[in-house]
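The values are calculated or read from the model by the stated rules, or taken from the named source; none is laboratory data. Only a predicted model underlies this, so the values are computations on that prediction, with no experimental measurement involved. Glycine gets a Cβ as well: all are built from the backbone with ideal geometry, and neighbour counts include every protein chain shown.
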Amino acid sequence: MSKYNVPTFKLNDGNEIPVIGFGTFQIPADGTTYNAVKDALAAGYRHIDTAAAYMNEQEVGKAIKDSGIPRDQIWVTSKMWLQDYKYEDAKKAIETSLNKLGLDYIDLYLLHQPYGAVDEAWKAVEEAQKAGKLRSIGVSNMTPKLWNKFVPNFDVTPAVNQVEFNPYFQQKELREILAKDDVRLEAWAPLGQGNADLLHEPAITAIAEKYGKNAGQVILRFENQEGIVVFPKSVHEARIKSNLDIFDFELTDEEMDQIRALDKGKGMHDPDAPGVGEMLLNAYDIHAND
């Protein structure tokens, strides 16, 4: 077991990342995020995933500080929002996240969306990594097409690409591309955003029954065994705990193949669709209250 209390994967920059993290997307910053992160850390999570666009970095930082857990035993991920991709804005955005989180460094920092002045933003991220403010750096929501558009221009290859992934959408083409550079795939919505069909798939429920687990635990275990970092999200203490309880069983090759066979090759969100960047930019104004 690692210093993080859970197993880790090695990234292409040599850093070790906990295989499961606690996601904070759409958890409001009205004390709910603080309590959820506090509960997650108490349950044993050592990886917290936030973002400037989630508008809850401050509560995440406070919960980490109040936990009393040594800083080097908690992996913190945050992300830069589209509004800040111009070079000077990007440099400021990194400082803003550090300040809101109350941290000297961020373990993993991602470009949240692959649109706009990506090259300028990435340059600022690379420089902040060299300066020791960011330990690992990566991207998010990059499809094969967007990866091939942007990443060849980067000096530093991303350590991570955080994308939609679940048994219904297993990102086969993207994973082949990422594997060439040992880039780690992270799954947002690893349980298909609570998709009832997925959670009631006969193949999954049969495996769950065999191991005395629930469907969500089987799916998270499958994803970890596929080498994927997962971020289940909940504000309910019992569910927060159960999502972490996936390390006392292992799926057989046959069971892995049964779940692999569920792939439909299509997700709920298409980053390649026309106008997605503009739509996202209009949907989240992170500077509205500046």
With the requirement that a residue be assigned to a loop (DSSP other than H, G, I, E, B) and closer than 19 Å to Lys172 by Cα, what does the range 238-272 give you? Ala261, Leu262, Asp263, Lys264, Gly265, Lys266, Gly267, Met268, His269, Asp270, Pro271, Asp272
Identity of the residue in the range 86-132, touching a helix residue (DSSP H, G or I) at 6+ places or on another chain (Cβ under 7 Å) and among the acidic types (Asp, Glu), that ends up surrounded by the fewest Cβ atoms within 10 Å (Cβ to Cβ): Asp119
With respect to Val235, is the statement that it is assigned to a strand (DSSP E or B), more than 22 Å from Gly14 (Cβ to Cβ) and hydrophobic (A, V, I, L, M, F, W, C) true? no
Would you be able to tell me the number of residues in the range 23-39 that are touching a residue at least 60 places away in the same chain (Cβ under 8 Å) and either acidic (Asp, Glu) or outside any loop (DSSP other than H, G, I, E, B) (or both)? 5
Which of the residues spanning the range 189-245 are in contact with a Phe, Trp or Tyr (Cβ under 7 Å, 6 or more places away or on another chain) and hydroxyl-bearing (Ser, Thr, Tyr)? Tyr211
Name the single residue, out of those in the range 72-83 being out of contact with any Ser or Thr (no Cβ under 8 Å at 6 or more places or on another chain) and outside any loop (DSSP other than H, G, I, E, B), that is surrounded by the fewest Cβ atoms within 10 Å (Cβ to Cβ). Asp72
All but one of (1) under 27 Å from Leu174 (Cβ atoms); (2) assigned to a helix (DSSP H, G or I); (3) at pLDDT 95 or above hold for Leu281; state the number of the condition that does not hold. (3)
Pair list, Cβ < 9 Å and 6+ apart or interchain, from the range 181-198 residues that are of a type in the set (S, T, N, Q) to residues that are at pLDDT 90 or above and part of a loop (DSSP other than H, G, I, E, B): Gln193/Met268; Asn195/Tyr168; Asn195/Ala189; Asn195/Met268
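Residue-by-condition table, conditions (1) touching a helix residue (DSSP H, G or I) at 6+ places or on another chain (Cβ under 9 Å); (2) surrounded by fewer than 10 Cβ atoms within 10 Å (Cβ to Cβ):
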position: Ser242; (1), (2): yes, no
position: Asp253; (1), (2): no, yes
position: Ile259; (1), (2): yes, no
position: Val276; (1), (2): no, no
position: Met279; (1), (2): no, no
position: Asp285; (1), (2): yes, no
position: Asn289; (1), (2): no, yes
Would you check which residues across the range 5-22 are buried (at least 23 other Cβ atoms within 10 Å of the Cβ) and either assigned to a loop (DSSP other than H, G, I, E, B) or of a type in the set (S, T, N, Q) (or both) and list them? Val19, Gly21
When only residues in the range 41-71 that are small (Gly, Ala, Ser) and part of a loop (DSSP other than H, G, I, E, B) count, which is surrounded by the fewest Cβ atoms within 10 Å (Cβ to Cβ)? Gly68
With the condition kept exactly as written, say whether any residue in the range 88-110 is of a type in the set (D, E, K, R) and under 23 Å from Ala179 (Cα atoms). yes
In the range 90-107, what residues are farther than 18 Å from Tyr54 by Cα and either of a type outside the set (Ser, Thr, Tyr) or part of a helix (DSSP H, G or I) (or both)? Lys91, Asp104
Would you confirm whether or not the range 193-210 contains a residue that is exposed (fewer than 12 other Cβ atoms within 10 Å of the Cβ) and under 29 Å from Tyr34 (Cβ atoms)? yes
Restricting the search to the range 211-240, which residues are in contact with a helix residue (DSSP H, G or I) (Cβ under 6 Å, 6 or more places away or on another chain), without any contact (Cβ under 8 Å) to a residue 60 or more places away in the chain and crowded, with 22+ Cβ neighbours inside 10 Å? Val218, Phe222
